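Peer 1: The structure under discussion is supplied below as structure tokens; questions concerning it will follow.
The values are calculated or read from the model by the stated rules, or taken from the named source; none is laboratory data. Keep in mind it's a predicted model, so treat the numbers as computed, not measured. Cβ placement follows ideal geometry from the backbone for every residue including glycine, while neighbour counts extend to all protein chains displayed. Calculation scope for accessible area: heavy atoms of the full protein, side chains included, ligands and nucleic acids excluded. Shrake-Rupley method; radii C 1.70, N 1.55, O 1.52, S 1.80 Å.
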Amino acid sequence: MQLYSTNNKEHLVSLKEAVFRGLPEDSGLYMPQTIPVLEPDFIQNLAKHSFQEIAFRVADTLLQGAIPEQDLQTIIHKAVNFPAPVHTLDEHTHVLELFHGPSLAFKDFGARFMAQLMSYFNRAEDRELVILVATSGDTGGAVAAGFYQTPGIKVVILYPSGKVSMLQEKQLTTLGQNIAALEVNGTFDDCQALVKQAFLDPELSSAIRLSSANSINISRLIPQSFYYFEAYKQVADGKTPVVFCVPSGNFGNLTAGLMAHRMGLPVHHFIAATNINDVVPAYLHTGQYLPRPSARTLSNAMDVGAPSNFARMLDMFITENGSTWNNMTATIAGYAFNDEQTKHAIREVFDRFDYVMDPHGAVGYLALKQYQREHPHTIGVVLETAHPAKFLDDMEAILERPIEIPERLAALAHEEKVATSMPIAFPAFKSWLMDNY
Ligand SMILES: *Cc1c(COP(=O)(O)O)cnc(C)c1O
């Protein structure tokens, strides 16, 4: 398998290089040079396969021999170790629950697969790899759980003191072993600046093998294509068109769906759902792409004003002649909703179906319903990207009733936090790294 940069298709690298680099030097994004198509027989017989078997077959096809089959089996086995069940609201409306992993959000799929790939590619090295991550909350939890107990890899998570929720903090600070948490006396931007400075410091980079767990790493995107096949298997009836609705921020999840489509999954249409940070739906309506600073909303994991994967989306629809915009709008529809509409949707889904949807999923539900007004004879699948208990206070205020907290999240409240306080000072951070790794 080779990957190019979206800024230069001549610049090819191996999967290993793309995974460790994260970003090409020209600031493009890595994309597979070819996206192979699965055998139609496999797609027609998805129902005969388990989620893990499907994940293996999709990965093996896409990776084109970059990892030997036996090793890839082991990686899939460890990375995809929780289900992606579909919950049916009615015959047209299905919810793909992506929150059954350790951090209760779909980012667990990407983080776990990335951890396994890095560990695999690192196996021949005699020096351990130290991953630095700055987090404003959610990503850190998924990365911590994803890399926990991964041989040869240590993780250092920097988070802003007092600016993450109690349960988020516990997700970062209670695992221990190869996961260390630094509680930075500053903001998320301060955490990110410390990480950036570490990568630029020659003394550090020669003393420690450093890498990042960046959200645009191709190894986080690949596993997100697996569950589109798994969902299709659960809902398709062989004749009614299937559409996927994806609550989006940086558009990694939707891009992974486009990859599944390219690999032969017969998706009739994709729906991009956003909150008021609507630069992609606006592009789909007008043809103008105008990134802007993000605004804060209830569905805050989607508060993105300049979606990082948009370059990948464009790349997938560029043709020699013909308009990229025409190509994209033939496959993707986009809709945006505000917080009032989102709250209303959460109440509606609860009242009509006795089902609790989180604010991100609720934006998706609204977009699916809007699309289906014009396309009623479709099977719609909304990706539910996080468990509602992750947004406990908002959810309880909206529904005016207590929300059930999954056991594995509730148990965290009683675990002891272990974190090292860190001032916003690079010398202190550097000497801590030098002393500990
Ligand atoms: C990250 C996140 C999203 C946005 O996903 P993208 O791949 O960035 O579009 C949506 N919902 C939740 C809960 C998330 O954590």
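Peer 1: For G152, state whether it is open to solvent by 20 Å² or more (accessible area, probe 1.4 Å) and under 21 Å from R112 (Cβ atoms).
Peer 2: Considered against the rule, which asks whether it is open to solvent by 20 Å² or more (accessible area, probe 1.4 Å) and under 21 Å from R112 (Cβ atoms), G152 comes out as yes.
Peer 1: Restricting attention to the stretch 4-43, which residues are modelled with pLDDT under 95, assigned to a loop (DSSP other than H, G, I, E, B) and either surrounded by fewer than 14 Cβ atoms within 10 Å (Cβ to Cβ) or touching a Phe, Trp or Tyr at 6+ places or on another chain (Cβ under 7 Å) (or both)?
Peer 2: P24, E25, D26, S27
Peer 1: Testing L221 on (1) in a loop (DSSP other than H, G, I, E, B); (2) within 30 Å of L258 (Cβ to Cβ), one condition comes back false. Which one is that?
Peer 2: Among (1) in a loop (DSSP other than H, G, I, E, B); (2) within 30 Å of L258 (Cβ to Cβ), L221 violates only (1).
Peer 1: Among the residues of the stretch 371-415 satisfying the criterion of being farther than 25 Å from Y227 by Cα and within 15 Å of the ligand (Cβ to nearest atom), which is least open to solvent (accessible area, probe 1.4 Å)?
Peer 2: Only one residue fits best here, namely M395.
Peer 1: Just give me the residues in the stretch 169-215 being open to solvent by 40 Å² or more (accessible area, probe 1.4 Å) and within 16 Å of the ligand (Cβ to nearest atom), in sequence order.
Peer 2: F188, N214, S215
Peer 1: Based on what the data block shows, is I218 in contact with a Phe, Trp or Tyr (Cβ under 6 Å, 6 or more places away or on another chain) and either open to solvent by 10 Å² or more (accessible area, probe 1.4 Å) or away from the ligand (no atom under 16 Å from the Cβ) (or both)? Please lay out each step first, then the result.
Peer 2: On the way: in contact with a Phe, Trp or Tyr (Cβ under 6 Å, 6 or more places away or on another chain): yes; either open to solvent by 10 Å² or more (accessible area, probe 1.4 Å) or away from the ligand (no atom under 16 Å from the Cβ) (or both): no.
Here the answer is no, as I218 does not meet what is asked.
Peer 1: From the list L129, L89, L104, L62, which residue is touching a residue at least 60 places away in the same chain (Cβ under 8 Å), within 16 Å of the ligand (Cβ to nearest atom) and either among the aliphatic types (A, V, I, L, M) or out of contact with any Phe, Trp or Tyr (no Cβ under 9 Å at 6 or more places or on another chain) (or both)?
Peer 2: Values: L129 fails: within 16 Å of the ligand (Cβ to nearest atom); L89 fails: within 16 Å of the ligand (Cβ to nearest atom); L62 fails: within 16 Å of the ligand (Cβ to nearest atom).
One residue alone meets the criteria, L104.
Peer 1: Just checking: which of the helices (runs of 4 or more DSSP H) contained wholly in the stretch 60-151 hold 1 or more residues that are more than 29 Å from Q33 (Cα to Cα), among the small types (G, A, S) and more than 20 Å from the chain's Cα centre (by Cα)?
Peer 2: Fully inside the stretch 60-151 and qualifying: nothing.
Peer 1: Here is a follow-up. Go through (1) within 16 Å of the ligand (Cβ to nearest atom); (2) open to solvent by 10 Å² or more (accessible area, probe 1.4 Å) and name the single condition G110 misses.
Peer 2: (2)
Peer 1: Out of the residues in the stretch 224-274 that are outside any helix (DSSP H, G or I), near the ligand (Cβ under 10 Å from one of its atoms) and not aliphatic (A, V, I, L, M), state the one that is most open to solvent (accessible area, probe 1.4 Å). Please lay out each step first, then the result.
Peer 2: Of the residues in the stretch 224-274, the ones outside any helix (DSSP H, G or I) are 236-251, 263-274.
In the following step, the residues that additionally are near the ligand (Cβ under 10 Å from one of its atoms) were identified as 246-251, 272-274.
Remaining after also requiring not aliphatic (A, V, I, L, M): 247-251, 274.
Values: P247: 8, S248: 4, G249: 10, N250: 60, F251: 8, T274: 1 Å².
My answer is N250.
Peer 1: May I pose another question? Just give me the residues in the stretch 315-332 being touching a residue at least 60 places away in the same chain (Cβ under 8 Å) and part of a helix (DSSP H, G or I), in sequence order.
Peer 2: Scanning the stretch 315-332 gives D315, M316.
Peer 1: Is it true that G334 is within 30 Å of K9 (Cα to Cα), surrounded by 19 or more Cβ atoms within 10 Å (Cβ to Cβ) and within 21 Å of the chain's Cα centre (by Cα)?
Peer 2: The answer is yes for G334.
Peer 1: Among the listed residues N8, N45, which satisfies the condition of being farther than 19 Å from S225 by Cα and of a type in the set (S, T, N, Q)?
Peer 2: N8
Peer 1: Hey, another quick one. Just checking, how many residues over the stretch 237-261 are modelled with pLDDT under 95 and more than 15 Å from the chain's Cα centre (by Cα)?
Peer 2: Residues flagged as modelled with pLDDT under 95 and more than 15 Å from the chain's Cα centre (by Cα) within the stretch 237-261 amount to 1.
Peer 1: Within the stretch 302-318, is there a residue that is within 10 Å of the ligand (Cβ to nearest atom), under 28 Å from K390 (Cβ atoms), surrounded by fewer than 18 Cβ atoms within 10 Å (Cβ to Cβ) and of a type in the set (D, E, K, R)?
Peer 2: Yes: one or more hits.
Peer 1: When the stretch 285-301 is examined, which residues are found to be buried (at least 19 other Cβ atoms within 10 Å of the Cβ) and away from the ligand (no atom under 11 Å from the Cβ)?
Peer 2: Within the stretch 285-301, T297, L298 qualify.
Peer 1: Of all residues in the stretch 152-184, count the ones that are in contact with a helix residue (DSSP H, G or I) (Cβ under 8 Å, 6 or more places away or on another chain) and in a loop (DSSP other than H, G, I, E, B).
Peer 2: Total meeting the criteria: 6.
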